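Reviewing the structure listed below.
Please treat every number below as a calculation from the coordinates, not as lab data. Bear in mind the structure is a predicted one, so any value in this text is a computation, not a measurement. Cβ placement follows ideal geometry from the backbone for every residue including glycine, while neighbour counts extend to all protein chains displayed.
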Amino acid sequence: MIAERPLAVLVLTALLAVPLWALAVDEPFTITLATRAAILALAAVGLNIALGMGGLVSLGHAVFFGIGGYAMGILAYHAQTYTPLEIFGLSIEGTKSMPVIWLVATLVSALAAWGIGLLSLRTSGVYFIMITLAFGQMFYYFAISWSAYGGEDGLSIYVRNGFPGVNTLVPIQFFALCFALLCAALFLNARLQAAPFGLALNAARQVPARVETVGLNPVRLKLVAFVVSGAITGLAGALFADLNRFVSPTMFSWQLSGELIVLIVIGGVGRLMGPVIGACLFVTLEHWLGGITEFWHVFLGVILLLIVLFARGGLVGLLTGKEGPHV
Amino acid sequence: MSDPILATHSLSRSFGALKATDNVSIDLRAGEIHAIIGPNGAGKSTLIQQISGVLAPDQGRIELLGEDITRLSTVTRARAGLGRTFQISALAMEDTVFENAMLGALGARGNPWSFWRAAKRDTALSETALAALEQVGLAEARDMRTADLSHGQRRQLEVAVALTLAPRAFLMDEPMAGLGASGSKQMTGFLDGLRAEAPILLVEHDMDAVFALADRISVLVYGQIIATGTVDDIRKDAAVRAAYLGEDL
Ligand SMILES: Nc1ncnc2c1ncn2[C@@H]1O[C@H](COP(=O)(O)OP(=O)(O)O)[C@@H](O)[C@H]1O
Ligand SMILES: [Mg+2]
């Protein structure tokens, strides 16, 4: 058994050590895998705020991942083609600057999450799942038909975007950026959880009637959680697109939304390190088992089944010996 | 006589053909405990739910401190000063006792939009929460998980959360339910002192408690108030005896 805080230090140290080791033995692909794990973890940290703290089973979080991806793709596309982006009668320059792209990705995702949340939170339970799924599908098909930005084929970006003082083309340096953002998001998550907002949200998940009776609006609390959640997942989307230097409608796919939920459940719903452990395991399995068989998802399914049946707190629950929140 | 703190005027609510609340007019005055008694299914909980805003009445009006609150949401009514306890404890079971009390303190503050500083470092919040826990005698159990509390302790916590709100009027739905003799006695003593802070509209089955506590009693039968009066009036009332209390009193 290990307490939650040392576990966090341990997991993050391991996630940092693997690419450093890969650098030493000159295995750049392993660095890419670690970067992929860090980005998926960031996306899942975002979802975990809605899912774990707010109890909102969103099967449409790929919407924000995709929005982040397209924010990067569109801004970089206009920069690399030297064409301005015409929108709302404005003419905006494209950009290859990561900080600007991150800001746009985060803000647009937050705005989308606010709109989607406002409508979806009128429902709960299965209906909430179905509405978020429907939004996901709408964005997916919209992206497919959006021929200006590649439609079904997606958009390729020739050179990875830049960050002041960092050579983002060097894998370990790009990893460092992603890792730093993951740590920042985890820190934010921990603060939120301990803050009065987290306290109220936590109660709104368990007993909304009680929260109303003390004069607080549970739906509003969940909406704010959904917005923060979407913004973080959107940021991860921008990084993911930059990792691949490519965006396509599959970033909006419901399979991706489902995979995010699955890796959180495996890691531990509502647990700080749940998404990180889940994402690392996911990427490892995807790489190793995916090399052996096309049907590696079957193994993922078996793990998921075992966790759901025998370890409701996920891997974090097993490691810390504490069950954690129920969703 | 001063204006009532809380009043309903001709409140009615039906479920299909069933008149669960039928033309109910009651009031709650400063400093009093007004008990609502009546057999199971008489409509006591339905009445509480309409006053707290969970259920909309078909007809009638509800006033708090002279303001019409009939159309206000539960959230707004709570902010206007209604402190409610549930018949079946509605607490965050995964959280600690202290965290549940903190939720109440946060509600009293009316602003949960604080995202950075740890809630337990917020001394104003913790002081409100702790004071309420001390008042009901739960300070010792503050770090226990609510799910691990005894039934009686949960009832106490229900009341503590309402206390943190420093409400203008309490609505309590069977706070003694399932408490047992000694628990009931303890809660009775506690509520006795509480009326000085704010008046209590008390729905209660435990007749010993009601007769010990109530300044006034209203008897609800089939959704209608059939009598309102002091403990002595109600003991003597023939209709009440026939309908509810039984002849052996
Ligand atoms: N939501 C509802 N739908 C239909 N009937 C209800 C509902 N709530 C309560 N009732 C009925 O209204 C009557 C009053 O119920 P209630 O207020 O719970 O009584 P009490 O609290 O006095 O025992 C009962 O006959 C009950 O079955
Ligand atoms: Mg009842």
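Observations on the structure shown:
- Chymotrypsin sites (Phe, Trp or Tyr not before Pro), loop per DSSP, at most 12 other Cβ atoms within 10 Å - longest free stretch of chain A: A:159-294
- Each residue of the stretch B:204-217 was assigned a 3J(HN,Hα) from its phi angle through the Karplus expression (A = 6.51, B = -1.76, C = 1.60, θ = phi - 60°), giving 8, 8, 6, 5, 4, 5, 4, 5, 6, 9, 6, 7, 9, 10 Hz with x at Gly and Pro.
- In a DSSP loop and with at most 12 other Cβ atoms within 10 Å, the GluC sites (Glu not before Pro) in the stretch B:158-249 are B:Glu247.
- Neighbourhood charge, 11 Å Cβ-Cβ cut-off, centred on A:Met98 and excluding it, Lys, Arg +1 and Asp, Glu -1: +1
- For the stretch B:80-126, applying the loop criterion from DSSP together with a ceiling of 15 other beta carbons within 10 Å to the trypsin sites (Lys or Arg not before Pro) yields B:Arg117.
- Summarising the strand pairing of the stretch B:158-249, around 55 percent of its internal DSSP beta bridges are antiparallel.
- Label-point separation, A:Arg122 to B:Ser14 (7 Å along Cα→Cβ), nm: 2.9
- Gaussian network model of chain B, springs between alpha carbon atoms under 10 Å - residue of B:Asp192, B:Asp173, B:Asp232 with greatest fluctuation: B:Asp232
- DSSP beta bridge pairing in the protein assembly as shown, given as percent antiparallel to the nearest 5: 60
- Computed from phi, the 3J(HN,Hα) profile of the stretch A:112-118 under the Karplus parametrisation 6.51, -1.76, 1.60 (θ = phi - 60°) reads 4, 5, 5, x, 5, x, 4 Hz, with x in place of Gly and Pro.
- Over all pairs of different C-alpha atoms in the protein assembly as shown, the reciprocal of the mean inverse distance, the Kirkwood hydrodynamic radius, equals 26.4 Å.
- For chain A, the Stokes-Einstein estimate of translational diffusion at 37 °C and a viscosity of 0.692 mPa s comes to 164 µm²/s, using the Kirkwood hydrodynamic radius over alpha-carbon pairs.
- Sites A:Asn167 and B:Arg117, calculated FRET efficiency, Cβ-Cβ separation with R0 30 Å, nearest 0.05: 0.20
- Extension gain, A:Leu306 to A:Phe29: 0.36 nm times the residue separation minus the Cα-Cα distance gives 96.7 nm.
- Among the GluC sites (Glu not before Pro) found in the stretch A:206-296, those both in a DSSP coil and sparsely packed, with 14 or fewer other Cβ atoms within 10 Å of their Cβ, are A:Glu294.
- Reachable lysines from B:Lys185, criterion Cα separation under 26 angstrom, eight or more residues apart if same chain: B:Lys44, B:Lys236
- The stretch B:64-161: C-alpha gyration tensor shape, a/c 1.5 cut-off, then a/b vs b/c: oblate
- Springs between Cα atoms under 10 Å define the GNM used for chain A, and in it the highest mean-square fluctuation of A:Gly291, A:Gly154, A:Gly60 occurs at A:Gly291.
- Candidates B:Thr123, B:Thr96, B:Thr146: whichever shows maximal mean-square fluctuation once chain B is modelled as a Gaussian network with Cα springs under 10 Å: B:Thr123
- Karplus-derived 3J(HN,Hα) values for the stretch A:22-31, using 6.51 cos²θ - 1.76 cosθ + 1.60 with θ = phi - 60°, are 4, 5, 5, 9, 6, 10, x, 5, 5, 5 Hz; glycine and proline are entered as x.
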